[in-house]
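The values are calculated or read from the model by the stated rules, or taken from the named source; none is laboratory data. Every value quoted in this text rests on a predicted model; they were computed, and no experiment measured them. Cβ placement follows ideal geometry from the backbone for every residue including glycine, while neighbour counts extend to all protein chains displayed. Accessible surface is based on the protein model in full, side chains and every heavy atom, while ligands, DNA and RNA are left aside. Shrake-Rupley method; radii C 1.70, N 1.55, O 1.52, S 1.80 Å.
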Amino acid sequence: MSGDDLGLFTDPEVDERRPVRKRDRERDNARARAKKRKKTVLWLVVALVLSVGLGGAYYGYKELRGIGSFDDYAGSGEADAIVEVQDGDVVSKIAATLYDNGVIASARAFTEASKTDARVTSIQPGFYLMKTKMSGQEAVARMIDPKTRVPAVQVVGGLKLTDIKVGDKTVKGIYSLLADASCTEKDGEKKCLTGDEIKAAAEQTDPVALGVPEWALADVKAAEPQFRLEGLIMRGVYQVKPGVSAVELIRSVIVSSAQKLQGAGIPGGTVNTGFRPYQILVIASLIEKEAIEPDFSKVSQVIYNRLKLLPQAMPLQFDSTINYKNNQPHIRTSDEDRLADQPYNTYKNRGLTPTPIGSPSQQAIAAAMKPEGGDILYFVKCDKNGNSCFAKTFEEHDANDKKAQREGVY
């Protein structure tokens, strides 16, 4: 057998066929390796596609679970369960949520029962007090019952954190409203957080844990504990989950309000105002307390002019700030009040108050970021509808003030 037959490499000058045959073998080996790599890549692609497909199928299963089967419980349920319907949820999504929380045996039990009552399509976002192991029919009946839905907390413009007593009546503050919404029933016993428990959590918990936005943290930490969250819950409707801790309850509302504030322009829209975002929040709360909406932008201009008046800023001289600290609803203040040495006395102190003095509305925030313009410095309530009269000089203001008093405006 020759060297050629053995496939041995010889000197090219002696046998020119050997290098050619070696190159052929190397080329064949390279092709084989490339083919193997292609197969590996192909299988990886297939595996990825299958993974995505199965993931989509699993997601579809999660969204439609129970639709194919028709398992159903009998009766009106057992233990208490709280479920949340989110904005935009359709009937099938509500059914899936009920299934996840053990309320119904299958999503189809609810969707089939809902076909007999069109009111299911009008179920509003919020929290609902349900029972576990309900029949589809009972679940539908309970979901459309207005009493099942946990009442939302309605925060109006100017509302304070704490209650205010007006004669024999009490105007509930935000803490009391949250306490009312915290109630849930367990084994037939109604349990609620108290306003004092919520107030204590608000004053003693780290502001970061309460969801206070970063742009407000420094001011919140510097404020007196009882006032530090004032103004951070702006006007609006808040869905509150019953049965949670006081800290979790407050955090959910603060976080929701921070989103509302962002939509209203804080902090993004405050850049060219000359004030920090928190200061704009304070200004908005003052506007809310001092005027009715048609006058918001003018009152804002008065605040800007007084704060920036050269060579020295002019005191704001707002009765509302004194009454906030004194927890009074009165419009006017006494000489004693105006001489009191306290940080919310804007007759004695120049500049803004340490915190907002109530919940601002979106309209008040807009006015705080964009005052009307002009050089007005004074205003006074001048009719019984709440409208204000504005003036550039003290003499004009004094005339407006005396006229309002003669006409019994205040």
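Data table
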| item | result |
| --- | --- |
| All helices (runs of 4 or more DSSP H) inside the stretch 267-373 with 2 or more residues being of a type outside the set (Phe, Trp, Tyr) and open to solvent by less than 10 Å² (accessible area, probe 1.4 Å) | 277-290, 296-308, 319-326, 362-369 |
| Residue list for the stretch 69-88, filter: farther than 24 Å from Glu185 by Cα and either open to solvent by 70 Å² or more (accessible area, probe 1.4 Å) or in contact (Cβ under 8 Å) with a residue 60 or more places away in the chain (or both) | Phe70, Asp71, Asp72, Asp87 |
| Residues satisfying the stated conditions in the stretch 89-136, i.e. touching a residue at least 40 places away in the same chain (Cβ under 8 Å), closer than 17 Å to Ala79 by Cα and either open to solvent by 40 Å² or more (accessible area, probe 1.4 Å) or in contact with a strand residue (DSSP E or B) (Cβ under 9 Å, 6 or more places away or on another chain) (or both) | Leu98, Phe127, Tyr128, Leu129, Met130, Lys131, Thr132, Lys133, Met134, Ser135 |
| Those residues of the stretch 80-103 which are farther than 21 Å from Ala152 by Cβ and in a helix (DSSP H, G or I), in sequence order | Val91, Ser92, Ala95, Ala96, Tyr99, Asp100 |
| From the options Gly66, Gly55, residue that is surrounded by 12 or more Cβ atoms within 10 Å (Cβ to Cβ), at pLDDT below 55 and among the small types (Gly, Ala, Ser) | Gly66 |
| Qualifying strands (runs of 3 or more DSSP E) (wholly inside the stretch 129-242; at least 2 residues being more than 23 Å from Pro329 (Cβ to Cβ)) | 184-186, 189-191, 236-238 |
| Whichever residue in the stretch 255-283 is of a type in the set (Val, Ile, Thr) and without any contact (Cβ under 8 Å) to a residue 60 or more places away in the chain and, among such residues, is nearest to Ser297 (Cα to Cα) | Val271 |
| Residue satisfying condition, being among the charged types (D, E, K, R) and surrounded by 23 or more Cβ atoms within 10 Å (Cβ to Cβ), within set Glu230, Glu248 | Glu230 |
| Test set (1) out of contact with any strand residue (DSSP E or B) (no Cβ under 7 Å at 6 or more places or on another chain); (2) in contact (Cβ under 8 Å) with a residue 40 or more places away in the chain; (3) open to solvent by 40 Å² or more (accessible area, probe 1.4 Å) - Asp145 fails condition number | (2) |
| Which listed residue is more than 25 Å from Ser320 (Cβ to Cβ), surrounded by fewer than 16 Cβ atoms within 10 Å (Cβ to Cβ) and over 19 Å from the mean Cα position of the chain (by Cα), from Glu185, Glu214 | Glu185 |
| Given (1) in contact with a strand residue (DSSP E or B) (Cβ under 7 Å, 6 or more places away or on another chain); (2) of a type in the set (A, V, I, L, M, F, W, C); (3) closer than 17 Å to Phe227 by Cβ, index of the condition Val299 fails | (3) |
| Criterion violated by Ile280 - all others in (1) more than 20 Å from the chain's Cα centre (by Cα); (2) more than 30 Å from Ser182 (Cβ to Cβ) satisfied | (1) |
